Structures are given as structure tokens and as C-alpha cells.
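Working notes, structure below.
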Amino acid sequence: MQAILSIFSFNMRRFLIHIGIYVAATLLLMFAFDGIYTAIYSKSIVRNKVQLLVNGAAQHYDVIIVGSSRAENHLIPERFERQGLKTYNIAMSGANLCENALQLKLFFDKGNTANTILLQADTNFQTTTPATGIRAYALPYLRQNEVVYDHYAKAEQSNLFAERRVPFYRYMIYDTKIGFREVAFTILKKQNNLIKTKGFWGLDGVLHRGAPSYLPKKIVKHNRYYEEIKQICKTRRVKLIAFEAPFCDNIVDRGYFKQLQKHNPELYDYSGAVLADSLFATCGHMNRKGAEVFTDFILQTHFSGKKATEK
């Protein structure tokens, strides 16, 4: 019996030693890959708009466009620049106002300056939490960039500790956004088309009318990140033009826009500025032709030369 126990004890020790070796090797690999990925992102070419804000050179702009896809697809920097207005569209598809606030913090922290911020604020006003998919693009900078960390620490993200302290965790969890494929493209210096178009992403196709689309019935009267954006612009002495972007006319509860404007009177209601189905790809997103029409509308309404008009 004692011999059996001795053999069992010996085998158990060998087993535990092997487990310890595997665990140690795994941790070493996690630390190594975390360091490699982070180093690549910290010195990378610009493949997305967060990288642009963190790694790009500081510049002065006449106009910076911020918002969700309803700004990214709708406002064309090239048409601003024809009017002598140096412009970049940093709006991101899927972004909430939380990410837009972070973008502006990074923009000014880098040393950039701007005369005017064009902010799309309408249905995205309803969400007061971070957008997980867009937030992932900022996670490679979570440790070394205090602006990123402080922003999400205040957002009270439950897994922030693990994302910052557990090696390689954030790259595994958000592999589709910042994992191996994106790192490989970064190493190969594969450019993103969004950079070539100064942030504009045009949509093709024409809206085929079907069932009506519905706007939120309940209005969120206060969005902390919208207020934060206003304060950033006030502190930096930058003109803020906040607007509600167009929807097609096959929409229910269009009164949502007036109600939102009632609680935020500085908002410009441009939800009906473009209505023709031929100018939309979907009910909430204009196609390239619609974007041209809306961009020209914004230029004619708010800009004379290089100076934004006061409301």
C-alpha cells in the first residue's frame, strides 16, 4: 500500500510540475504577445480613426466631423476643402456619443486644433453607454494612454481591470477588431480606404420603400457625453454645430426630432433636409448622391468662406 501511495505521490508531483510549466509558458507567451501587439499599434500606420488620433501628427483643421455612421456616410470632406476648409471626418459607424467624446479628447490631447466641430446627435443621443465594437479600437492604448483609461474608468466598465492588467486579454476578447488579422494588415502596411477619403465612407444603392422605420418613442433628455462634448468645445474655444441628420420620409414618430431639440435647443433639426428616396441607401443613411446634397446644404447653411456662422 505504501509503495502504491509513493508511486501516486511521485506521479502527482510530475503532473503538477508539468501543469506549472504549461501555465508558466502560457503566461510568458501572453506577456510576449501583449507586448508585441501593443508595440505594433503604438507605432503603426493609420488604419482606423482611433489610430489616426493617437498616432497621427498634430494638425490644424477648419472643420472636424464627429458622430456615427449617419455622419461618416453623410458629410464629404473633399467638398469642404473645395471651399478652402481643411476638413476631416472622424465619425465612426456604430459609435455612440461616448466614443465621440473620447475622440475629441484624443484629438486635442495630441495637440490638434480646430475652428469648428460638426457633431451629429440624434438617435445616438439615446445611448449613454460605450459601443463595445468601437471601444475595442481604443483598447491597445489602454495602458500607456491615460486619456483612454480615464475616459473608460469614468464610464464604469466592469471588465476594465482585466482589459488593462491581464496580458493579451483584450486582444483575445476583441480578436475580430484588434486581433491577429488586424495586426497582420498593420505589419503589411495595408492602408484603409477611409484614410484616403479623409474619413468619408460613401454608400451605394437606392432605397426601395418597404415597411416604415420607427424612431424611439421615449426621449432621453440628458446624455452625459453630449454635455461633455459641449464642455470640451467650450474649453477649447471651438465652435460646436450639433445637428440631427436626415431620415427618409417613410419614418414613424418624426416628432422625436422636435422633442429632442426641445430639450437641447442648440441642436439644428436637419432630419427633413433631404427626403427623396433616390438620395438614400437605407431610410437612415443617404447614398453618395444624398451625401453630396447634404454636404452642400451644410456648407451653404453654416459656412461663408472659412468662418462658421453663429446661431
Under the 7 Å Cα-to-Cβ spin-label approximation, residue 165 and residue 18 lie apart by a distance in nanometres of 3.3
Please report the spacing between the Cα centers of segment 161-229 and segment 123-142 in Å, no decimals. 8
Exposure of residue 222 as accessible area (Å², to 10), given a probe of 1.4 Å and all protein chains: 110
Three-way shape label, the chain, alpha-carbon gyration tensor, a/c 1.5: prolate
For segment 206-277, count the residues as N, evaluate 2.2 N^0.38 Å, and divide the Cα radius of gyration by that value, please. 1.31
Select from segment 68-141 those trypsin sites (Lys or Arg not before Pro) which occupy a DSSP coil region and have at most 13 other Cβ atoms within 10 Å, ordered by residue number. 82
Amide H partners (placed H, <5 Å) of residue 61, local residues excluded: 113, 114, 115
Count the lysine pairs in segment 1-126 that are 8 or more places apart or on different chains: how many have C-alpha atoms under 17 angstrom apart? 4
Roughly how many percent of the accessible protein surface of the chain is carbon and sulfur, given a 1.4 Å probe and a whole-percent answer? 58
Rounded to the nearest 10 degrees, the helix 97-109 long axis (Cα) sits at an angle to the longest Cα principal axis of the chain of 90
Check cross-link reach from residue 262 to the lysines: straight Cα distance under 20 Å, and skip same-chain residues fewer than eight apart. 217, 218, 221, 230, 311
Scanning the chain for GluC sites (Glu not before Pro) in DSSP loops with at most 12 other Cβ atoms within 10 Å, what's the longest stretch left with none? 1-155
Taking placed amide H atoms and a strict 5 Å upper bound, the residues 5 or more places from residue 131 or on another chain that come that close are 96, 99
Cα-based Rg and Dmax for segment 107-171, in Å, come out at 14.0, 40
With a 1.4 Å probe and all protein chains kept in place, how do 256, 169 rank by accessible area, largest first? 169, 256
Among the DSSP beta bridges whose two residues both lie in the chain, what percent are antiparallel, rounded to the nearest 5? 20
Mind listing the phi-derived Karplus ³J(HN,Hα) values for segment 164-177, rounded to whole Hz, using 6.51, -1.76 and 1.60 with θ = phi - 60°, and x for any glycine or proline? 8, 9, 7, x, 6, 4, 5, 6, 6, 5, 10, 4, 5, 9
Quote to one decimal, in nm, the extra length available between residue 234 and residue 184 on full extension: 0.36 nm per residue of separation minus the C-alpha distance between them. 14.0 nm
accessible surface per residue for segment 34-123, probe 1.4 Å, DNA/RNA/ligands not counted, whole Å² -> 27
Would you pull out the residues with amide H under 5 Å of residue 268's amide H, same chain only if 5 or more places away, H placed 1.01 Å from N? 242, 243, 244
When only the heavy atoms of the protein chains count and the probe is 1.4 Å, how do 49, 230 rank by accessible area, highest first? 230, 49
Report residue 154's accessible area, 1.4 Å probe, all protein chains in place, as a number in Å² to the nearest 10. 130
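The values are calculated or read from the model by the stated rules, or taken from the named source; none is laboratory data. Every value quoted in this text rests on a predicted model; they were computed, and no experiment measured them. Quick reminder, even Gly has a Cβ in these numbers, built from the backbone with ideal geometry, and neighbours come from all protein chains shown. These area figures cover heavy atoms from the full protein model, side chains too; ligands, DNA and RNA do not enter into them. Shrake-Rupley method; radii C 1.70, N 1.55, O 1.52, S 1.80 Å.
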